[in-house]
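The values are calculated or read from the model by the stated rules, or taken from the named source; none is laboratory data. All values derive from a computational prediction rather than experimental measurement. Counting neighbours? That spans all protein chains shown, and the Cβs are built from the backbone with ideal geometry, glycine included. Quick note on the areas: whole protein, heavy atoms, side chains included, nothing else; ligands and nucleic acids left out. Shrake-Rupley method; radii C 1.70, N 1.55, O 1.52, S 1.80 Å.
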Amino acid sequence: MKVATSTANRPIDDTQNCLVCGGAYKPSHLPGLFKCSSCGFISANLQIPEAELEALYGTDYFHGQEYLDYAAEAESLRVNFRRRISTLNQLRPNLIEAELFEIGCAYGYFLQEVAPSVRRAFGIDISADAVERAIKDQNVAAEHADYLSYDLGRKVDVITMWDTIEHLKRPDLFVEKAADDLKTGGLLAITTGDIGSYVARLRGKHWRMIHPPTHLHYFSVNTLSRLLKRHKLNVVYVAHPGNSRRLRSVLYFLLVLKGKQRRLYDALRGSPVFNLDLTVNLFDIMYVVARKP
Ligand SMILES: [Zn+2]
């Protein structure tokens, strides 16, 4: 992964105001990050050039530091996606009649997982490589596009952004467009780290989600709710779900990625015991859903 260290320590532009409330950014207690003096929203240096950001999400991205092997994680991702879908089902009666759009669909696992639960699911991603694999391997309706210049062609019932908002330079513009792209009563569902959580506060600069410049913005329940409200979206659901991992992907990580024991992994992987899921919850990832009134 190419990390743009050259701009990491340069201060935020003086003219840059908080994307949540319009307040002024000041250096925060976290090195290299800035905090709004009014609402407390935390952002990385936003002076990073567009081209550098795009370079971050090239072919290497999903095989880089953040995702050791996204495809091998598929089973675990699906377990978590199924739980998120079940929440959407509770919040949106007749989800089966809904049209769902995903911003940041990556390899298409969520689109494939949600397909039987909705009338139509489609999505986009900024990574051309990921979209190609989503279409080819998962057979989903994915497109390589930038959301801010993307025309959905019609308003939709549900928009999802899984672990995406922290990567965006202008999450405010994404939320504004999503609010516009939703039908009345439509839902915007977001997951991201919660910097207001106990673990984040305890870990400080060592919190696992502190990762500029790939993670540019660090929301709390409060600042994310404020941003959504600013764009006339009502928060209807807030949770801190655990992250489940299929034991098989833990085994893959330990034996193949760490231990280089591919043969042992292949011998063991078929055992039904590895179909079990292990849920770890640090309560530092939030799942927030807002409704367009
Ligand atoms: Zn602010």
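Considering only protein heavy atoms and a 1.4 Å probe, what is the carbon-and-sulfur percentage of the accessible area of the chain?
Details: 7160 of 13800 Å².
Using a 1.4 Å probe with all protein chains present, the chain comes out at 52 percent carbon and sulfur.
Give me D for the stretch 190-251 in µm² s⁻¹, whole number, from Stokes-Einstein with Rh from the Kirkwood sum over alpha-carbon pairs, 4 °C and 1.567 mPa s.
On the way: Rh = 13.6 Å.
D = 95 µm²/s.
State the Kirkwood hydrodynamic radius of the stretch 144-293 in Å, one decimal place, computed from all pairs of distinct Cα atoms. Walk me through the intermediate numbers first.
On the way: mean 1/r = 0.0570 Å⁻¹.
Taking every pair of different Cα atoms in the stretch 144-293, averaging 1/r and inverting gives 17.6 Å.
Taking only complete DSSP H runs, can you tell me which helices of the chain stretch 20 Å or more along their own long axis by Cα positions and average at least -1.0 on the Kyte-Doolittle scale? Display every interim value, and only then the final one.
Details: long enough: 74-91 (25 Å, -0.53).
Those that pass (Cα extent of 20 Å or more, hydropathy at least -1.0) are 74-91.
Which value, in Å² and to the nearest 10, is the accessible area of Lys292 when all protein chains are kept and the probe is 1.4 Å?
Answer for Lys292: close to 40 Å² accessible.
Can you give the relative contact order of the stretch 197-285 as a percent, counting alpha carbon pairs under 8 Å and 6+ residues apart?
Values: 65 pairs, mean separation 33.2, N = 89.
Relative CO of the stretch 197-285 lands at 37 percent.
If amide hydrogens are placed 1.01 Å from N in the peptide plane, which non-local residues have theirs closer than 5 Å to the one on Gln47?
Hits under the 5 Å cutoff: Asp13.
From the protein chains alone at 1.4 Å, what is the descending order of accessible area for His167, His29, largest first?
Working: His167 25, His29 140 Å².
Largest accessible area first, the residues go His29, His167.
If packing is taken as the mean number of other Cβ atoms within 10 Å per residue, what is the order of 143-156, 36-49, highest first?
The most tightly packed comes first, giving 36-49, 143-156.
From the helices alone, meaning DSSP H stretches of at least four residues, give me the mean residue ellipticity at 222 nm for the chain, per-run term -39500 (n - 2.57), in deg cm²/dmol to the nearest 500.
Details: 9 runs with 81 residues, N = 293.
So the helix-based figure for the chain works out to -8000 deg cm²/dmol.
Enumerate the amide H contacts of Ile285 below 5 Å, restricted to partners 5 or more residues apart or on another chain; note that Pro and chain-start residues carry no placed amide H.
Placed amide hydrogens put Asp194 under 5 Å from Ile285.
Rounded to the nearest 10 Å², what accessible area does Met209 have for a 1.4 Å probe in the complete protein model?
30 Å²
Sort largest first and round to whole Å: the equivalent ellipsoid semi-axes of the chain, each the square root of five times a Cα gyration tensor eigenvalue.
Square roots of five times the eigenvalues give 29, 25, 19 Å.
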